[in-house]
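See below for the structure under consideration.
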Amino acid sequence: MAEEATDQVALPLEQAGVVPAVQTPGDRQRWGMLAAGVVVMILLSNYQYCFTLFTPGMKAQFSGVPYSAIALIFSIFVLFETWPVPLAGALIDRFGIRQLMLAGSVLVGAGWIGGGLTATSVFQLYIWYGLIAGLGCGIIYVAVVGNAIRWFPDKRGLAAGITAAGFGGGSALTPIPISLTIQSIGWGNAMALWGAVQGAVIFLLALYLHAPEAAWRPAGWDPATTRVVQTSIDYTWSQTLRMPEFYLLYVIHFLISLGGLMTLGNLSEIARSLHVENSTIFGISIVAFAATANGISSTISRVIWGSVSDQAGRENTMMIVFLVEAACIFAVTQIAGSPVLFVVIFPLVFFGYGQLNTLLSATTGDLFGSRYASTNFGMVYTGKGAAAFFSGWGAAAVAAAFAGSFVAPYYIAAACDVLAAALAFFALKPIARNTLANAARREAIGH
């Protein structure tokens with residue numbers, strides 16, 4: 001469309017340079033884009049954060065199926081939410097976000113409507129919820145995040161944080177209403193109803209969203225004044241794959257995703273393993289209450305850590321928050337039998353986990369440029385998909401080997417968080433600084 005940015009073939013690295021700045025449209029429009037993206041993320045979050053609310057009904061309906069097979073629905077969902085995303089990102093970078101988001105809105109709506117109304121087996125939920133809804137969520141997620149990075153090159157951490165906060169915000173706003181809907185009309189009808197509403201609203205917002213032109217820059221912004229070092233080169237996906245920073249970001253995404261995804265997909269079973277599944281908080285199911293509190297904490301996390309990273313640096317922030325996450329993950333192993341600690345510790349877990357895609361998407365823009373942000377972050381995002389198998393079905397299988405206890409999987413996740421902190425500070429930081437310095441020298445010589 002006329003207002004959307006279109007792609008061109010990328011110049012080779014040695015020919016790349018700074019694109020002349022264009023300073024229209026103004027701030028009002030970019031903040032409008034950000035706000036619309038946040039609303040989309042709020043609706044999109046339910047597919048990931050509210051899966052656990054449907055699992056008791058699924059277990060009751062498919063009583064002869066082991067829980068690990070039901071948990072596999074979530075693993076397949078995350079797999080299709082992430083692995084096809086690089087292709088979707090390339091199409092977004094080429095044709096703009098609108099067409100892909102429209103397609104994504106149809107998929108997320110159809111996934112929950114079909115899964116809720118027509119699924120008569122767990123295998124059919126693999127298709128409806130896992131494949132169809134997962135693919136739609138991945139397309140929409142990478143489109144919205146990539147758009148925020150493009151509109152806010154001067155505030156990447158903050159913009160990515162606010163956008164990702166929408167994803168956490170949805171998990172704060174909707175678990176209780178969805179839980180009440182399930183209690184009222186059953187899990188299948190509730191899934192179909194919420195799927196129809198979410199798909200329709202995302203479709204309408206997709207008609208509004210668009211990217212800035214490739215040469216656009218915020219009025220008065222001088223890239224040289226930013227506290228976070230950024231490249232002036234827009235790396236294509238093939239160039240990005242030749243850089244060690246990409247693989248470090250990928251491994252970090254995988255390691256940190258393990259504990260967070262395990263909690264998201266198995267919270268009802270984790271409550272059972274900790275002997276608090278029948279507890280209520282203010283008359284609300286402890287799982288629904290904790291899911292809401294987790295969402296609030298995750299929302300705060302994304303904004304705070306994204307803003308901090310704009311000032312303190314991405315890798316420094318990663319090291320701090322990953323160690324906080326490791327401590328909170330370990331604390332989960334110590335709270336059996338305490339409903340109060342359950343609703344205190346798990347929000348702290350999400351205060352550490354919630355920031356992940358905020359920091360990684362902002363870092364992707366810093367290191368690889370804005371123009372191909374959707375493609376490049378889409379490739380990093382597949383690290384979450386790699387973690388999905390281990391955090392969904394894998395964690396449930398390990399827990400089953402320990403009489404249903406999730407203590408062993410949480411020990412593993414805590415160790416992975418510590419490893420990710422070390423990789424961010426001692427490997428990613430020096431390698432990225434060296435690459436950025438070399439690129440700046442080559443650009444200076446070229447000019």
* Sort out which residues of segment 277-292 are outside any helix (DSSP H, G or I) and either in contact with a Pro (Cβ under 8 Å, 6 or more places away or on another chain) or among the β-branched types (Val, Ile, Thr) (or both), and write them in order of number. => Ser279, Thr280, Ile281, Ile284
* Structure fact -> When (1) surrounded by fewer than 17 Cβ atoms within 10 Å (Cβ to Cβ); (2) touching a residue at least 24 places away in the same chain (Cβ under 8 Å) are applied to Phe402, the one that fails is (2)
* Structure fact -> Residues of segment 329-343 being of a type in the set (Val, Ile, Thr), in a helix (DSSP H, G or I) and within 26 Å of the chain's Cα centre (by Cα), in sequence order, are Ile329, Val332, Val343
* **helices (runs of 4 or more DSSP H) enclosed by segment 68-167 - at least 3 residues per element that are touching a Ser or Thr at 6+ places or on another chain (Cβ under 7 Å) and more than 16 Å from Val38 (Cβ to Cβ)** => 85-95
* **Per-region count, segment 255-276, residues of a type in the set (A, V, I, L, M, F, W, C) and either surrounded by fewer than 20 Cβ atoms within 10 Å (Cβ to Cβ) or in a loop (DSSP other than H, G, I, E, B) (or both)** => 2
* Candidates Ile270, Ile286 - the one that is of a type in the set (A, V, I, L, M, F, W, C), under 26 Å from Leu323 (Cα atoms) and at pLDDT 90 or above -> Ile270
* To do: Say whether the condition of being at negative phi, β-branched (Val, Ile, Thr), modelled with pLDDT under 95 and crowded, with 23+ Cβ neighbours inside 10 Å is met by at least one residue in segment 94-108.
  => yes
* To do: Could you tell me which numbered condition Leu258 fails, if it satisfies all but one of (1) aliphatic (A, V, I, L, M); (2) modelled with pLDDT under 95; (3) over 25 Å from Gly306 (Cα atoms)?
  => (3)
* What is the one condition in (1) in a helix (DSSP H, G or I); (2) surrounded by fewer than 24 Cβ atoms within 10 Å (Cβ to Cβ) that Gln230 does not satisfy? -> (1)
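The values are calculated or read from the model by the stated rules, or taken from the named source; none is laboratory data. Keep in mind it's a predicted model, so treat the numbers as computed, not measured. Quick reminder, even Gly has a Cβ in these numbers, built from the backbone with ideal geometry, and neighbours come from all protein chains shown.
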